[in-house]
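Input: a single structure, listed below in structure tokens.
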């Protein structure tokens with residue numbers, strides 16, 4: 001994908017944490033309008049994340065709390081706890097509202113947007129992030145993955161989804177267009193661009209459990225679930 005975008009004269013860049021906060025404060029509940037393509041990928045996260053056995057879930061970039069509410073409604077045991085973080089005060093507010101019925105077990109925290117370095121080591125058994133890594137620089141992706149590995153207990157699962165380079169002509173064209181828009185008018189795509197996640201997963205640290213690419217309405221996404229070694 002980087003080669004395709006470079007061929008179009010696109011310079012890869014990402015939003016700063018402050019820019020991301022401003023963007024998602026403005027987007028607000030409209031973020032959930034992206035479910036028309038996101039749901040196909042997050043359904044696979046739910047399928048392969050084995051949340052029925054989860055004890056403690058951490059979500060990096062919880063957004064409106066829509067995914068977390070699905071976890072509580074349909075997947076998590078009634079003893080499981082959840083902690084979500086987000087850079088946007090508006091998203092934190094929306095997530096708290098969506099999770100109000102589960103407030104005794106769910107916590108949503110506003111952060112500065114960086115890797116979750118203050119979280120306890122080996123405390124969680126699920127680390128989830130949906131459509132967030134496609135906002136991050138490659139350096140930040142690696143940093144967040146280091147923290148995810150530190151935060152997960154041995155055998156815990158890393159569960160990711162996000163925009164990808166796609167497969168087949170149509171989805172590759174869509175991915176290239178999204179990348180071009182992100183480079184020139186990032187607010188139109190929420191700062192997101194296609195990122196392939198698999199190359200960031202180190203065999204010495206993670207055991208791959210599931211990897212796939214899916215296309216919904218021409219938009220390509222990647223799903224990855226890996227076990228912490």
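The values are calculated or read from the model by the stated rules, or taken from the named source; none is laboratory data. Remember, it's a predicted structure, so these values are computed and weren't measured experimentally. When we count neighbours, we look across all protein chains shown, and the Cβ atoms used for this are built from the backbone with ideal geometry, even at glycine.
Before moving on, here are some points about what is shown:
- Options 36, 60, 67, 72: the member that is over 15 Å from the mean Cα position of the chain (by Cα), touching a residue at least 12 places away in the same chain (Cβ under 8 Å) and under 27 Å from residue 220 (Cβ atoms): 36
- Looking only at the stretch 175-212, residues that are modelled with pLDDT of 95 or more and not in a loop (DSSP other than H, G, I, E, B) come to 10 in all.
Okay, residues lined up against (1) over 28 Å from residue 52 (Cβ atoms); (2) in contact with a helix residue (DSSP H, G or I) (Cβ under 7 Å, 6 or more places away or on another chain); (3) modelled with pLDDT under 95:
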residue: 115; (1), (2), (3): yes, yes, no
residue: 119; (1), (2), (3): no, yes, no
residue: 129; (1), (2), (3): no, no, no
residue: 134; (1), (2), (3): no, no, yes
residue: 159; (1), (2), (3): no, yes, no
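- Any hit, the stretch 39-52, residues being in contact with a helix residue (DSSP H, G or I) (Cβ under 7 Å, 6 or more places away or on another chain), modelled with pLDDT of 95 or more, crowded, with 23+ Cβ neighbours inside 10 Å and not in a helix (DSSP H, G or I): no
- Scanning the stretch 7-27 for residues that are surrounded by 13 or more Cβ atoms within 10 Å (Cβ to Cβ), under 18 Å from the mean Cα position of the chain (by Cα), in a loop (DSSP other than H, G, I, E, B) and modelled with pLDDT of 95 or more turns up nothing.
- Close pairs from the stretch 211-228: first on the phi > 0 side of the Ramachandran plot and surrounded by fewer than 24 Cβ atoms within 10 Å (Cβ to Cβ), partner modelled with pLDDT under 95 and outside any strand (DSSP E or B), Cβ under 7 Å, at least 6 apart: 217/36; 217/37; 218/170; 218/171; 218/174
- Every residue from the stretch 47-64 that is in contact with a strand residue (DSSP E or B) (Cβ under 7 Å, 6 or more places away or on another chain) and within 13 Å of residue 90 (Cβ to Cβ): 62, 63
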